[in-house]
Amino acid sequence: MEKHNIRVGITMGDINGIGPEIIIKALADTRYFSDFTPIIYGSAKVMSFHKKAIDDQYFNFQSVKNADEAKPKKVSVINCWNEEVQITLGESNTIGGEYAFKSLEAATKDLAANKIDVLVTAPINKKSIQDAGFKFPGHTEYLADLANVKEALMLMVYDNLRVALVTAHEPLKDVAAKISKESVTHKINQLHQSLTKDFGIRRPKIAVLGLNPHAGERGNMGDEEINHIIPAIGECKSKEMLVYGPYAADSFFGSENLKNFDGIVAMYHDQGLTGFKSIAFGNGVNYTAGLPIVRTSPDHGTAMDIAGKNIAKENSFRNAIFLALDVYKNRMLEKEITANPLKVQKSELKND
């Protein structure tokens, strides 16, 4: 595969949170930039404010007018606004949401125009950004709408641990009503396709968790497994997919069986993320699968309580960059090896 310097678009997230700080820390060492160019969408003044707040001595950047001016092995910042912005570290307010939204809009516009190759998003405060006019539960739904995809897949990744969700940002009281044979089958199919295309796993093995305690215990603790989840697993197996379950969620993440699977399908947000974050917290990545574009983010929020205190860890954000690069490369490789396939030739029998 031809070597390509990948253009990584980075949103600032909430300017009152730890987003700019973890960006600074993740990009301070330019030795990471061997095959990608980081482009931050936001404000040079905001980045300078956060750099000063944590007394950083290593991070440097150049201001550019557009992505075309970004230079390899250097950090570029595109000014998405010129006005002075009041930054109140640790405070959730509409200002933080407004400028997080502006950063996201500018980056996704360039992503759609192929001016950047992948998108890595810093954390947003959902209430703050919604108060500023953002009409979606989170990044996942926003990007799915832009890509004209009915439903994207929220996939949490840490090394070989990959946890997908059937329902993501749904209140717990509404989850059971969202579980159907169709919804579970759809998410299993999305995960299977992502594991194959984005992670290069030819025959992925997928575990499916039950909704109820003890996976319903044969209907004694709920019938969603019998009526919806088991039929969904059966349908996927009929298509020669390696899908197993349903497994009881309370014991699955602590068992050796976890290592036998390439991906896991959980029924709801906390069921999947509690187990995932117990293993990977501070290092995991949120990947939006099922989209024509590549988007990742760290596995944590804005952490307002530690904003500006120089104690936020950048590991998850750096891993989000690396995963975006890996997925992009895997997609390019998949595209390359499946392009111009040889046509099957009919052989003619010849008599000697």
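The conditions of being in contact (Cβ under 8 Å) with a residue 60 or more places away in the chain and over 30 Å from Met332 (Cβ atoms) are not met by Leu191.
Within the stretch 152-175, the set of residues being among the aliphatic types (A, V, I, L, M) and surrounded by fewer than 18 Cβ atoms within 10 Å (Cβ to Cβ) comprises just one member, Leu172. Check whether at least one residue in the stretch 208-227 is among the small types (Gly, Ala, Ser) and modelled with pLDDT of 95 or more, and report yes or no. Within the stretch 208-227, one or more residues are among the small types (Gly, Ala, Ser) and modelled with pLDDT of 95 or more. Contact map, the stretch 296-324: residues that are in the same structural domain as Asn283 (by TED's automatic domain parsing) paired with residues that are of a type in the set (Asp, Glu), Cβ distance under 9 Å, separation 6+ or inter-chain. No pairs are found. If you go through the stretch 1-55 and keep only what is surrounded by fewer than 16 Cβ atoms within 10 Å (Cβ to Cβ), in contact (Cβ under 8 Å) with a residue 40 or more places away in the chain and not in a helix (DSSP H, G or I), you end up with Met1, His4, Asn5, Asp35, Asp55. Being in contact with a strand residue (DSSP E or B) (Cβ under 9 Å, 6 or more places away or on another chain) and not aliphatic (A, V, I, L, M) is the filter here; which residues of the stretch 72-96 pass it? Selection gives Pro72, Lys73, Lys74, Ser76, Asn79, Cys80, Trp81.
Looking across the stretch 155-193, the residues that are small (Gly, Ala, Ser) and either assigned to a helix (DSSP H, G or I) or under 24 Å from Ile293 (Cβ atoms) (or both) come down to Ala164, Ala168, Ala176, Ala177, Ser183. Figure legend. Inter-residue proximity from the stretch 202-230: first residues touching a residue at least 40 places away in the same chain (Cβ under 8 Å) and over 23 Å from His269 (Cβ atoms), second residues assigned to a loop (DSSP other than H, G, I, E, B) and of a type outside the set (S, T, N, Q), beta-carbon distance below 9 Å, spacing 6+ or different chains. Indicated pairs: Lys205/Phe261; Lys205/Asp262. For the stretch 87-126, which positions are over 21 Å from Glu21 (Cα atoms) and either surrounded by fewer than 19 Cβ atoms within 10 Å (Cβ to Cβ) or in contact with a Cys (Cβ under 9 Å, 6 or more places away or on another chain) (or both)? Lys109, Ala112, Ala113, Asn114, Lys115 - these are the residues of the stretch 87-126 that are over 21 Å from Glu21 (Cα atoms) and either surrounded by fewer than 19 Cβ atoms within 10 Å (Cβ to Cβ) or in contact with a Cys (Cβ under 9 Å, 6 or more places away or on another chain) (or both). Name every residue in the stretch 57-73 that is assigned to a loop (DSSP other than H, G, I, E, B) and either surrounded by fewer than 16 Cβ atoms within 10 Å (Cβ to Cβ) or not assigned by TED's automatic domain parsing to the domain that holds Met12 (or both), in order of residue number. If the condition is that a residue be assigned to a loop (DSSP other than H, G, I, E, B) and either surrounded by fewer than 16 Cβ atoms within 10 Å (Cβ to Cβ) or not assigned by TED's automatic domain parsing to the domain that holds Met12 (or both), then Gln57, Tyr58, Asn60, Lys65, Asn66, Lys71, Pro72, Lys73 are the ones that fit.
Please tell me if Ile87 is within 28 Å of Asp29 (Cβ to Cβ) and either assigned to a loop (DSSP other than H, G, I, E, B) or aromatic (Phe, Trp, Tyr) (or both). The answer is yes for Ile87.
The values are calculated or read from the model by the stated rules, or taken from the named source; none is laboratory data. Note that this is a predicted model, so its numbers are computed, not measured. With ideal geometry, Cβ positions are generated from the backbone for all residues, glycine too; neighbour counts draw on all protein chains shown.
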